[in-house]
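Working notes, structure below.
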Amino acid sequence: MTNTRRSTSSLIVHEQPKSPISEKFRGIRSNIMFANPDSAVQSIVITSEAPGAGKSTIAANLAVAYAQAGYKTLIVDGDMRKPTQHYILICQTMKDFQVYC
């Protein structure tokens, strides 16, 4: 997306839970969970060297996939120069998870 003010349409896992893209995010969640079956994953970092690579969108959708599966989920937007999570999540409470801004 070229628009810096994103909306919940970036949250494909929330808006279209039966779509193939949503299923891919759930698959990524499962792969992360089973990467080390001896201990639970406590944190995930999404990073890239390039701006506009989709880090914020991926992080938000992965967080929604975890929240929909019943896991406690916290997103920390560490982009000090151009934070975008508050645009993606729109600082509101949505069904099945809460957003605090």
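The values are calculated or read from the model by the stated rules, or taken from the named source; none is laboratory data. Computed from a predicted model, the values in this text were never measured in an experiment. Ideal geometry is used to build each Cβ from the backbone, glycine not excepted, and the neighbour counts take in all protein chains shown.
Inside region 60-94, can you point out the residues that are touching a helix residue (DSSP H, G or I) at 6+ places or on another chain (Cβ under 8 Å), at pLDDT below 85 and assigned to a loop (DSSP other than H, G, I, E, B)?
Within region 60-94, 79, 90 meet the criteria.
Which residues, counting only those in region 7-44, are without any contact (Cβ under 8 Å) to a residue 24 or more places away in the chain, in a helix (DSSP H, G or I) and within 20 Å of residue 87 (Cα to Cα)?
9, 15
Only one of 23, 15 is surrounded by 11 or more Cβ atoms within 10 Å (Cβ to Cβ), at pLDDT below 95 and acidic (Asp, Glu). Can you tell me which?
That would be 15, the only listed residue that is surrounded by 11 or more Cβ atoms within 10 Å (Cβ to Cβ), at pLDDT below 95 and acidic (Asp, Glu).
Being modelled with pLDDT of 90 or more, β-branched (Val, Ile, Thr) and assigned to a loop (DSSP other than H, G, I, E, B) is true for just one of 57, 47. Which residue is that?
47
Taking only pairs six or more apart or across chains, which ones have beta-carbon atoms under 6 Å, a first residue in region 71-90 that is over 15 Å from residue 44 (Cα atoms), and a second residue that is surrounded by 11 or more Cβ atoms within 10 Å (Cβ to Cβ) and among the hydrophobic types (A, V, I, L, M, F, W, C)?
85/75; 88/60; 89/99
Only one of these conditions is not met by residue 42: (1) surrounded by fewer than 12 Cβ atoms within 10 Å (Cβ to Cβ); (2) closer than 16 Å to residue 79 by Cβ. Which number is it?
Residue 42 satisfies every listed condition except (2).
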